[in-house]
Each structure stands twice: as structure tokens, then as C-alpha cells.
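A short worksheet on the structure shown next.
Just so you know, all these numbers are worked out from the coordinates, no wet-lab data involved. Only a predicted model underlies this, so the values are computations on that prediction, with no experimental measurement involved. Here the Cβ positions follow ideal geometry from the backbone for every residue, glycine too, while neighbour counts run over all protein chains shown.
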Amino acid sequence: MPTPYGPKPDLGPPGLAAKLLGFCEELRSEGIAVGTSEILDAFEALDQVPWTSQDDFREALAATIAKSQDDRRLFELLFDRWFFRSAEAEAIERGIGEEGARREGGERLDIDELREQVREAILEGDENEMRDLARLAIAAFGRQGEGSGVVGVDVQRIRRTLELSAGAQPQGEADGEVRAIDRDQLNRFERHLRRELERDLIERTETLPPARPLAELDRALPTSPTQDLAAVHRAVSQMKRRLATLGHEQRGRRKGQIVDVRRTMRASLETGGVPLRLRYRPKRPRRPEIYVLCDVSTSVTSASVFFLSVLHALHDSFRKLRSFVFIERISEVTEVFEHERDFRVVAERISSEGGVADVSGYTDYGRVWLELLAELSEDLGPRSTVIVLGDARTNGREPHAEVFGQLSERAGRLFWLNPEPKLYWNYGDSVMAAYERYCDGAFECWTTRHLENFVNVVAGGIPSED
Amino acid sequence: MSDGSVAETKEALAGAGYLADEPAALVSFLAQRLEKPVLVEGPAGVGKTELAKALSRATGRELVRLQCYEGLDEAKALYEWNYRKQLLRIQAGGSGAWDEVQDDIFSEEFLLERPLMKAIANPEPVVLLIDEIDKTDQEFEAMLLELLSDFQITIPELGQVSATTMPIVVLTSNNSRELTEALKRRCLYLWLDYPELEREMEIVRLHSPELPEALARRLVEVVRMVRDLDLKKPPSIAESIDWARTLLLMGSEDIDKATFEQSMSIIVKHRTDIDLVAERVGVKLADPLRPQA
């Protein structure tokens with residue numbers, strides 16, 4: 001019988017051991033290296049702590065399994081789903097809801113009273129009280145018909161409706177006796193709100209939140225330059241190592257070699273014209289000349305930090321590399337990269353003397369191609385690879401796709417890395433399609449995984465499956 | 001320290017002057033029960049090293065500390081042959097064939113114990129602190145692996161030296177480079193972050209009990225405000241404590257603009273940071289203290 005409540009999660013064999021193994025398996029699929037020894041440690045640790053305390057249980061697992069801050073974040077996300085969503089999963093399966101009870105509670109309270117209670121509970125730091133009030137607030141809020149369906153947005157709206165903010169006090173209570181709520185306390189309440197909203201969502205849609213795309217979403221590129229540059233650098237340095245070793249594995253492998261007829265015949269002269277020894281064509285790793293064009297306009301601000309650090313890494317790995325940045329016009333920055341090893345200094349110098357700071361900030365792709373063709377037409381050859389990093393948003397200007405086509409004809413290979421998800425290509429002023437047909441490959445590139453995939457292609461490997 | 005439960009561990013640490021949060025207490029507890037090393041990571045000045053010291057005080061064990069730095073090698077960390085003493089022994093000569101002398105000069109008498117060796121060979125259980133492991137190179141990390149998983153050291157001339165009692169091993173790292181997987185695999189992991197407001201207040205008041213509560217709260221709030229700025233070196237807990245002591249010495253009743261500017265250098269220690277902090281935080285403190293910020 002098909003269940004009307006969406007796909008039922010595969011529960012597997014009963015017992016905690018199986019559950020824990022499943023959990024680790026899921027962590028592995030999110031990219032955390034959980035070794036067998038770590039699982040053994042986890043079991044040993046669980047022997048030592050009381051399972052009745054959620055915190056102890058969680059921390060014991062985290063200490064043995066999640067061995068860095070990144071891992072820890074993923075761990076938290078999955079932990080809830082695995083160990084504390086079971087009740088919800090069960091409820092879905094049986095079709096149990098608690099609509100009635102909740103509505104009743106919601107109607108009995110008016111919003112001012114609720115506001116007072118919430119404030120008190122937050123100040124007291126009473127977790128259980130906070131959870132109950134969070135549910136009441138959601139119910140009361142839902143009645144006004146303002147739910148947006150997006151958990152994060154709703155949390156903020158409810159917070160505002162309840163006039164909760166860290167530090168400052170609402171106007172009505174100017175008697176100065178009420179203690180301020182600090183950030184931590186407020187965060188705690190917001191966490192409860194979020195949890196309950198998610199629970200609500202599960203009940204309404206009757207499916208559990210998706211398990212898969214966590215790592216992907218979470219490891220998306222940093223959206224502001226102030227965010228952790230180190231994360232980007234770690235990814236890029238990994239890429240660097242791969243670039244350094246890629247191609248080596250091809251060498252010295254007998255399989256798939258091509259016989260060099262001319263040299264074989266030549267060698268056969270020694271043996272009286274009988275080709276006793278076969279000569280093979282030597283395999284030479286591809287050492288491409290690379291030209292990189294990097295869009296640094298405002299529409300890709302979030303990605304340009306990432307792109308610049310990619311450029312930085314590429315410069316370390318390839319001898320023959322020329323790089324350009326562009327907004328309206330192009331400007332060569334090869335020198336900057338070659339003389340400066342420190343990434344921060346590079347970024348600064350590019351923004352100050354790259355020759356791009358003086359223009360409007362709107363990309364003009366058409367003009368960029370024209371200039372590039374003039375600059376490079378001599379140098380481009382079958383051995384050269386051109387890589388464009390940009391979003392193909394022309395701001396309504398002439399795209400000059402045919403000039404781009406000429407570029408592509410002259411260059412051996414031409415790749416395009418787009419910092420936008422494929423879904424957004426060709427929407428609005430994006431003219432990706434016009435350029436894409438001239439490219440040897442166009443890739444979306446907004447996570448480090450995308451980047452690795454691309455590196456594989458450039459270095460002559462096979463693109464990995466997404 | 002009795003190692004009965006997490007709560008008891010927490011209490012014992014508090015008794016040693018360290019207010020641990022839940023994860024820290026739990027990991028300390030597990031470290032003793034599972035006899036596994038602990039890797040503590042976190043920003044500078046959140047009390048990573050202090051945790052090891054507190055563990056040593058709470059358990060009554062001796063603290064053996066290995067401070068790591070770039071270029072640290074086995075001779076400095078494990079053991080070294082006492083070359084001069086060996087020479088003397090040979091010169092003193094006496095009777096005996098070469099074999100005898102050789103056996104003699106490569107005996108424990110001529111061994112200079114360095115911290116790691118000391119921790120292993122000690123008949124009493126110790127707390128071994130390997131501080132700032134991220135400062136060393138990967139080769140050194142690899143050398144540690146034998147020690148951390150089996151608690152033994154191999155000396156070619158003498159054979160294996162195994163620990164008779166299990167040391168509590170604490171490794172700290174400021175995360176300045178990624179540690180190898182192999183090392184992480186052998187450790188329990190603990191991330192220490194700046195404490196929450198209430199806990200930092202407790203810590204400050206534990207170290208300077210004469211400080212009035214209102215002032216302590218104010219102090220911690222200001223420090224947190226400063227930490228939120230994008231500084232080269234955000235103030236650590238130790239600096240909060242120093243600042244509290246300074247305020248006590250200055251006899252300040254309240255942190256207003258003047259006091260702040262006079263004593264700011266206690267918590268902010270970079271030229272550029274000082275300007276930034278004076279600009280952002282100093283302004284907010286212009287008014288006299290109100291009941292709430």
C-alpha cells in the first residue's frame with residue numbers, strides 16, 4: 001500500500017549501534033572523514049556518559065567524531081535529524097498531528113501577554129518554558145496569516161512582532177527596571193523558534209527536511225570578503241596539490257600507449273628491418289599556456305574574492321600564465337601576482353592599481369572581448385587555454401558573441417566558470433547561452449567541489465560525477 | 001580528582017580555579033576514562049593551556065609541558081644522549097673492553113630526558129601538555145603518533161620505553177595550520193570559544209573577587225563589544241582578568257570614557273586596533289553609565 005505521507009525513511013535494523021553506524025555513514029557522505037577507529041571511540045565514549053542527558057550524549061559523540069569546526073557544524077545539522085527527529089518521523093508515519101491542541105493555546109493568549117511571558121522566560125533562561133512559548137508564538141503568529149513558509153524569515157518576523165531585540169528596550173517600558181536581554185539569550189530563544197517552526201513545517205508537508213544538500217549549501221562560497229578567507233585558501237591549496245600531481249599518474253603507465261611508427265621502423269634497421277622492438281610515442285603531460293580573465297565587477301563581488309584566490313593559486317602552479325581582470329575594460333595583472341606572494345597584498349594592489357577602479361562598475365563583456373582580441377591575437381594558439389571567470393551579465397550592452405567566437409577559434413581550449421548556479425543562467429541580463437556554445441566547457445562554480453571538478457578537466461582528467 | 005562523573009570533573013576543575021563549560025568538562029572526563037589524548041583548538045587566549053594546568057592541579061598530577069615552535073626536533077622533545085658525560089666516561093677509561101664501555105655509555109644514566117620522555121618514563125601519572133602543536137612541522141607530528149596511540153617511545157640503543165602509568169595528554173592548537181588527519185584521529189576533539197557573558201563574568205569574578213558585580217558585568221560587556229570588532233588581536237580572557245585587576249587598582253567605580261581610554265591598552269595591543277576601538281567603543285561610552293546599555 002502506498003503511504004500517503006511521503007517516502008518513509010529506511011529505518012534499518014533496530015538498536016542504537018545500527019543507528020549510530022547509519023549516522024556515521026551519513027556523515028561520511030557529507031564529506032567528513034569518520035574512520036573506524038573513531039566509531040570505536042564513539043562507542044567507548046558513550047559507555048562512559050549517561051544517555052539521559054542530551055548534551056552529554058551529543059558532546060561525547062562530537063568529541064570523538066567531529067574533529068574540526070567545519071565538521072562540527074555539519075555534525076550539529078545531521079545530529080538533530082538522526083536522533084531527535086525520530087518522534088516526528090514516527091508521527092508522520094502514523095499521520096498524527098497536534099493541530100487542535102495548538103490552536104486552542106494560541107487563541108487564549110493575546111500578543112501583549114505573550115510578549116511579557118517570552119521576555120520573562122528568556123531572562124530566566126528556562127529552556128522548557130521558552131520552547132512552549134515559542135510554539136505559542138508561532139501559533140499566534142500563524143493565525144495572523146503572515147507565515148512566509150521560509151523558516152529563517154519567519155523567525156525574524158516573529159522576533160520583531162514580539163519586539164525582542166538584544167540590548168535595547170521597547171518604548172513602552174521606559175521605567176528602567178526591566179533588564180536587558182543580551183545576544184546569547186535571544187539566540188537561544190531564536191533557536192527554539194527555529195526548531196519549532198521546522199517541526200511545524202514537517203507536520204504540514206509531511207516530509208522530513210532533505211538530508212543531502214547540506215554540505216553543498218553549507219560550503220558555498222563566502223558571500224562577503226570579511227568572511228573566512230582561510231576556508232577558501234584551504235580549498236585552493238588542496239587544488240594546488242592536485243594540480244602538482246595530476247598528470248604524473250599518466251606517466252610510466254604502459255596501458256593505452258600509442259606506437260610511434262616512424263621510430264619503430266628506424267629502430268628495426270638495427271635488426272635488419274624486422275621490427276623487434278616497438279617504440280612508443282612518449283606521453284607528455286600537458287603544460288598549457290593559460291590566460292585567465294576575471295570579472296571583478298559589483299555583480300560578482302561575492303565571488304571575486306574566491307576567484308582572485310583561485311588565480312593566486314594558479315599562478316603558483318603554472319609557469320606560463322597571464323591573468324587579466326576586467327569590468328568595462330581589461331587590465332593585465334600578471335605582474336602583480338608574480339611579484340607578490342601574499343594574497344591580501346595582491347587583492348589590495350589589484351583594487352588600487354589594477355586600472356579597473358576608475359570605471360563605472362558595470363561589466364561590458366563586448367568591449368572586453370574586442371580588447372582582448374587586440375591584445376592577444378598574436379599569442380593565442382592551439383596550445384593555449386583561456387579561462388573566463390564571470391557571470392555573463394552584460395547590463396544590457398552588446399555582448400559581441402561573434403568576437404568571443406573568434407577568440408575561441410584561435411585558442412586551443414576555452415572554459416567558462418560562472419559563479420551563479422546553472423538555474424540562473426540566461427535569466428535577466430545574463431547572456432550565458434550566447435557564449436556557452438563557443439566554450440569547450442562552461443561550469444557553474446560556486447563551491448570548492450565545482451572547482452575541483454573543473455581542475456580535473458583542465459589537467460586532462462575526466463570530470464567527476466556531481 | 002575522583003573520576004566518577006562529568007559533574008564531578010567539572011567541580012574538581014572549578015576547585016582548581018577553572019570554570020569549564022559542559023563540553024570542556026565532558027571531554028576532560030572522557031580523556032581520563034578512555035585514556036586518550038585531547039586536542040584543544042580555539043582562538044588565542046580562551047584558556048586552552050589553562051585547561052591543562054587546571055587538570056594537573058585538579059588531579060594532583062605533575063604537569064610536563066612541551067612548548068612547540070618551528071624547528072622543534074626529537075632531540076629537544078624526546079631525549080638526547082649526554083655527549084659530554086659520555087666523553088668523560090670514556091676518558092676516565094678504567095678497565096673494560098670496548099663492548100663493555102659501549103653498553104655502559106648508552107645506558108639510562110647518560111640519557112637526557114626531554115619533556116615527552118619525561119612524561120612517559122615518570123613512575124607517577126602526569127599531565128602532558130603539548131602546547132601550540134600547529135607551530136611544528138608535519139614530520140614532528142608524525143613522530144608524535146607512536147607516543148599518542150601507544151604511549152611508548154622507541155630508542156634504538158635501549159629499545160622501547162613504555163608508559164607505566166597513563167598520562168593525560170593535552171594538545172593545543174591555534175588552528176594556524178590544518179593538522180594531519182592521522183593526529184586528529186587519535187585524539188578527542190574540543191573546540192574552546194570565547195565564553196558566554198555569564199560564564200566570563202564568573203571567571204573574572206573568580207580571579208578578582210573584590211570587583212563589584214555591576215562593574216564586572218559592564219567590563220565583560222565592553223570586552224565583548226571590542227571582540228565583535230574586526231581586530232588584529234581580540235582581547236582574551238586573561239586580558240579581561242588583567243583589566244579587572246587594573247580597574248580595581250585604579251579604584252574605578254564605573255567604566256566611562258576617561259577610564260576606558262586610560263586603561264584601554266590592557267585589552268587592545270595593536271596600534272591600528274587602538275584607533276579602531278577608541279573610535280567605535282569609546283564613543284558609546286561617552287555617557288555616564290545607565291542601568292542598562
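Return the average number of partner chain Cβ atoms within 10 angstrom of each residue Cβ along peptide A:47-59.
4
Pairing the Cα long axis of helix B:237-250 with the longest principal axis of chain B, what angle in degrees results, from 0 to 90 and rounded to the nearest 10?
50 degrees
Relative contact order of chain B: what whole-number percent is it, with Cα pairs under 8 angstrom and at least 6 residues apart?
Computed value for chain B: 21 percent relative contact order.
What is the average number of partner chain Cβ atoms found within 10 Å of a Cβ in B:219-226?
Average per residue, whole number: 1.
What residues have an amide H closer than 5 Å to that of A:L389, excluding those fewer than 5 places away on the same chain, when H is modeled at 1.01 Å from N in the peptide plane?
A:L293, A:C294, A:D295, A:L417
Calculate how steeply helix B:48-59 sits against the longest principal axis of the alpha-carbon atoms of chain B, using the helix alpha-carbon long axis, and give the answer as 0 to 90 degrees to the nearest 10.
Rounded to the nearest ten degrees, it is 70.
Name the most mobile residue of B:D242, B:D254, B:D99, meaning the one with the largest mean-square fluctuation, in a Gaussian network model of chain B with Cα contacts below 10 Å.
Between B:D242, B:D254, B:D99, it is B:D99 that shows the largest mean-square fluctuation.
Obtain the nm distance between the two label points defined at B:L229 and A:L77 by a simple spin-label model: each point lies 7 Å from its Cα along the Cα-to-C-beta direction.
Taking the simple label geometry, B:L229 and A:L77 are separated by 3.4 nm.
Less than 9 Å Cβ to Cβ from B:D131, Lys/Arg counted +1 and Asp/Glu -1: what total charge do the surrounding residues give?
Computed value for this residue: +2.
What residues of the stretch B:103-117 lie in the reach of a label at B:L88, counting those whose backbone N is under 12 Å from a point 7 Å from the Cα along Cα→Cβ?
B:110
With a/c under 1.5 counting as rounded, go ahead and sort chain B into rounded, prolate or oblate using the C-alpha gyration tensor (a ≥ b ≥ c being the square roots of the eigenvalues; past the cut-off, prolate if a/b is larger than b/c, else oblate).
Prolate, since a/c reaches 1.5 and a/b exceeds b/c.
Using modelled amide H (1.01 Å from N, peptide plane; none on Pro or chain starts), what sits under 5 Å from the amide H of B:L39, excluding residues fewer than 5 places away?
Result for B:L39 returns B:L171, B:L188, B:Y189, B:L190.
Modelled label-to-label distance, A:D184 and B:D254, 7 Å Cα→beta-carbon offset: nm?
Each label point lies 7 Å from its Cα, and together they span 2.5 nm.
Over all residues in B:182-190, what is the mean tally of Cβ atoms on other chains that come within 10 Å of each residue's Cβ?
5
Which shape class, rounded, prolate or oblate, goes with the stretch A:16-93 when its Cα gyration tensor gives a ≥ b ≥ c as root eigenvalues, a/c under 1.5 marks rounded, and past that a/b bigger than b/c marks prolate?
Because a/c hits 1.5 or more and a/b fails to exceed b/c, the stretch A:16-93 counts as oblate.
For the stretch A:129-139, what does the Karplus curve 6.51 cos²θ - 1.76 cosθ + 1.60, with θ = phi - 60°, yield as ³J(HN,Hα) per residue in whole Hz, taken in order and with x for Gly and Pro?
Values per residue, Gly and Pro as x: 4, 4, 5, 4, 5, 4, 5, 4, 4, 5, 5 Hz.
How would you rank B:46-59, A:376-389, highest first, on the average number of other Cβ atoms within 10 Å across their residues?
Put in order of decreasing packing, that is B:46-59, A:376-389.
Residues with amide H under 5 Å of B:A20's amide H, sequence separation 5 or more or different chain, H placed in the peptide plane at 1.01 Å from N; which?
Amide H neighbours of B:A20: B:A14.
Using only Cα atoms, tell me the angle between helix B:213-228 and the longest principal axis of chain B; keep it within 0 to 90° and round to the nearest 10.
That helix lies at roughly 70 degrees to the long axis.
Report the calculated FRET efficiency for B:D193 and A:V274 (r = Cβ-Cβ distance, R0 = 60 Å), to the nearest 0.05.
The computed FRET efficiency comes out at 0.20.
For the stretch A:36-43, in order, what is each residue's ³J(HN,Hα) by Karplus, 6.51 cos²θ - 1.76 cosθ + 1.60 with θ = phi - 60°, in whole Hz (x at glycine and Pro)?
Those phi angles translate into 4, 4, 5, 5, 4, 4, 4, 4 Hz.
Cβ under 12 Å from B:S107's Cβ, B:S107 left aside: what net charge do those residues give with Lys, Arg +1 and Asp, Glu -1?
The answer is -4.
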